[in-house]
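Heads up, the thing below is written out as C-alpha cells.
The values are calculated or read from the model by the stated rules, or taken from the named source; none is laboratory data. Please read these numbers as outputs of a predicted model, since none were measured by experiment. Here the Cβ is made from the backbone with ideal geometry for all residues, glycine too, and neighbour counts use every protein chain on show.
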Amino acid sequence: MTVAISSAQLTTPDVCTGNPLSVAPMMDRTDRHFRYFMRQITRRTLLYTEMVTSAAILHGDKEHLLGFSPEEKPLSLQVGGDNPKHLAECAHIAEDMGYDEINLNVGCPSSRVQDGNFGACLMMQPQRVADCVTAMINATQIPVTVKHRIGVDDLDSYEDMANFVRILADAGCQRFTVHARKAWLQGLSPKENRDIPPLRYGDVHRLKQEFPHLFIEINGGFTNLQQVQQQLQLIDAVMIGRAAYDNPYLFALADREIYGEDVTPPTRHQIAESMYPYIDFWVAKGLKLNKITRHMLQLFAGQPGSRAWKRLLTEKSCLTGVGSEVVREALARFP
C-alpha cells in the first residue's frame, strides 16, 4: 500500500553501518500505524517493529503481525526466541517481506519472556545467542543485529558484557544496541527495569573504544537531539525509546541536524494533515480510527491546547465509522 507520501523514493541507508538514530522497539506502541505516523516527522530515522516471537512469526498471520507500508522503511523487525533453526526461518521471512534488518531481543526482562527463554535472560547463555546469530546470518543477506542490556542480575560487570559482545562478534554480529541499564530478572517489573537500575553510559562508551570495528548504539534515558549529538561524539548511534512516543515531534529536526539533509522540518499541522489519506484508507478497510489516532495524541505535547487535542481525539475516535474528519476537527482548534 502506498498512501500520501511521495518520498521521491527515499533511499534506505545501510542500517548496519550508517544509521545514527533509531526509535526503540516498544510493545503496544511501535506498530505499523505509529511507524507510518513517525515517517511524517522523520524520513531517515531507523524504525523498529514491536518484538514478535519466533513462534508467532512461524505459525501466526504474517500479514497481520509483520505487514508494513513501504513508507515505513528503513525498518527493522525485532524478534524474540532462542531456537537457531526457528530464528533462521524468521530471518528468511523478514528478508522476503522486505525488512532492512532483523534484530534479536536479548534485553526484555519480563517474566513471560523469561518463561520462553529469550530476552534478557539469554545474556547468561552467550554461546546459545551466538548459535542463533550464526544461523540467522547464514539464512539471510540483511543485517542481523542484537539489542541487549549491560548485564543481568549479578552478571553485570563490564567484563561480563564485553565477553558477551566478543562471543557474538565472533559469530558474525556487527551491530549491537546496548541498553545502558542492567536488568533484574526477579523483583522488578519491566517498567521498573526501565527506571530503577542506574544508567551506565560509561560502560557503553568503553565498549566502543575496545571494539572500534563494531557498530555500537546506546539506548536509555535520552529525551532530545542535543543529547544524541553529544553521544555521537563517543558512539556510533543513539536509540530513543519512550521520549519518541511521549513527544514524537522532537524528531522533526532529526533529518536536518542528525543526517545533514537540507530540508525544512514539517510543522505539527502538516504532520497531522499528511495522515488524512492514510486514516481514510484504513477506516475504509474497517479499522477503528482510535487504532491510529492513539499514536497521535502527543503530537502537540507541551503546546497550548494539547489537552483539548487529546480529549477530542480520545472521545471521538472510538466511534464507529468516523475517519479523518475527527482529526480535521481537532486540528481546527489550533491557530
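Is it true that P248 is assigned by TED's automatic domain parsing to the domain that holds R166, loosely packed, with under 13 Cβ neighbours inside 10 Å and touching a residue at least 12 places away in the same chain (Cβ under 8 Å)?
no
Within segment 150-159, is even one residue within 29 Å of F37 (Cβ to Cβ) and in contact with a strand residue (DSSP E or B) (Cβ under 8 Å, 6 or more places away or on another chain)?
Checking segment 150-159: not a single residue is within 29 Å of F37 (Cβ to Cβ) and in contact with a strand residue (DSSP E or B) (Cβ under 8 Å, 6 or more places away or on another chain).
Suppose we filter segment 278-288 for residues that are within 24 Å of the chain's Cα centre (by Cα) and either touching a residue at least 40 places away in the same chain (Cβ under 8 Å) or assigned to a helix (DSSP H, G or I) (or both); how many remain?
Qualifying residue count for the region: 3.
Which number in (1) in the same structural domain as E50 (by TED's automatic domain parsing); (2) part of a helix (DSSP H, G or I); (3) under 22 Å from R32 (Cα atoms) marks the one condition that R206 misses?
(3)
For I292, state whether it is crowded, with 17+ Cβ neighbours inside 10 Å and in contact with a strand residue (DSSP E or B) (Cβ under 8 Å, 6 or more places away or on another chain).
No, not satisfied.
Could you grab the pairs with beta carbons closer than 6 Å, sequence gap of 6+ or different chains, first residue in segment 177-191 and within 7 Å of I150 (Cα to Cα), second one among the small types (G, A, S)?
Sorted first by the residue in segment 177-191, then by its partner, the pairs are H179/G107; H179/G220; A180/G220; R181/G220; K182/G151.
Of all residues in segment 89-122, which are of a type outside the set (G, A, S), in contact with a Leu (Cβ under 9 Å, 6 or more places away or on another chain), at pLDDT below 95 and in a helix (DSSP H, G or I)?
Matches in segment 89-122: Q114, C121.
Taking interchain pairs and intrachain pairs at least six residues apart, which have beta carbon atoms under 6 angstrom, with the first residue in segment 119-143 and under 19 Å from A94 (Cβ atoms) and the second surrounded by fewer than 19 Cβ atoms within 10 Å (Cβ to Cβ) and acidic (D, E)?
T140/E95; I142/E95
Of all residues being in contact (Cβ under 8 Å) with a residue 12 or more places away in the chain and assigned to a loop (DSSP other than H, G, I, E, B) in segment 144-155, which is farthest from W184 (Cα to Cα)? Just the residue, please.
In this case the residue turns out to be I150.
Can you pull out every residue in segment 251-277 that is part of a loop (DSSP other than H, G, I, E, B) and either buried (at least 21 other Cβ atoms within 10 Å of the Cβ) or aliphatic (A, V, I, L, M) (or both)?
I258, V263, M275
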